[in-house]
Structure formats: C-alpha cells, structure tokens
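Comments concern the structure below.
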Amino acid sequence: MKVRVLYFARLRERFGLAEENLELGGTTAADLVAQLQARGGVWAEDLAAGRAFRVAVNQEIVALDAVLTDNVEVAIFPPVTGG
C-alpha cells in the first residue's frame, strides 16, 4: 500500500525531509512507525517508544492502532503547545 508521509517541526529538521511517498509493508500507523524506526539512527531515536510525537491521517489525529488505507496522507509531528 502506498502512503504519503509528511514530517513537521523538529522531526522534519532531524530527518532532513518534509515529505516522502512510501510503500507500506503493514496496515496500521504503528506498522508505518516501525518501518521508519527500522531505518535506524535519528529515525529510531525520534520515533522510539516514550518519545513525544503525534500521527494524523488525512488531517485527523489518530492512535497508532489506526488502520491505514491505500493513498492516505500521514503526518508525523511533535505535540503542539502554545496559547
């Protein structure tokens, strides 16, 4: 399944990418995160369990167990604070 992945804020800076198109080997947001973690280095560090980041599918925040479908847009970003 193909997905478009967008990276924001510090993750975009750390990964050196704003977006990419990937062939996903699984069906959930967790599978996507695991696939990215498998790249090692900053990918494994910044997407590790316990690190603060959020996932949105087609602009709606979802849990990692969310099922993805072909050609969705997935955004990965740090939590947003402010006021």
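The values are calculated or read from the model by the stated rules, or taken from the named source; none is laboratory data. Note that this is a predicted model, so its numbers are computed, not measured. Here the Cβ is made from the backbone with ideal geometry for all residues, glycine too, and neighbour counts use every protein chain on show.
Take the residues in segment 1-39 that are outside any helix (DSSP H, G or I) and aromatic (F, W, Y); name whichever of them is nearest to the chain's Cα centre (by Cα). Result: Y7. Considering segment 2-20, the residues that are buried (at least 17 other Cβ atoms within 10 Å of the Cβ) and touching a helix residue (DSSP H, G or I) at 6+ places or on another chain (Cβ under 8 Å) include one that is farthest from A75 (Cα to Cα), namely F15. Only one of the listed residues (A52, A38) is at pLDDT below 95 and either loosely packed, with under 12 Cβ neighbours inside 10 Å or aromatic (F, W, Y) (or both). That residue is A52.
Scanning segment 44-61 for residues that are more than 10 Å from the chain's Cα centre (by Cα) and closer than 18 Å to R12 by Cβ yields A44, E45, D46, A48, R51, A52, Q59, I61.
Against the numbered list (1) part of a strand (DSSP E or B); (2) surrounded by fewer than 15 Cβ atoms within 10 Å (Cβ to Cβ), D65 comes up short only at (1).
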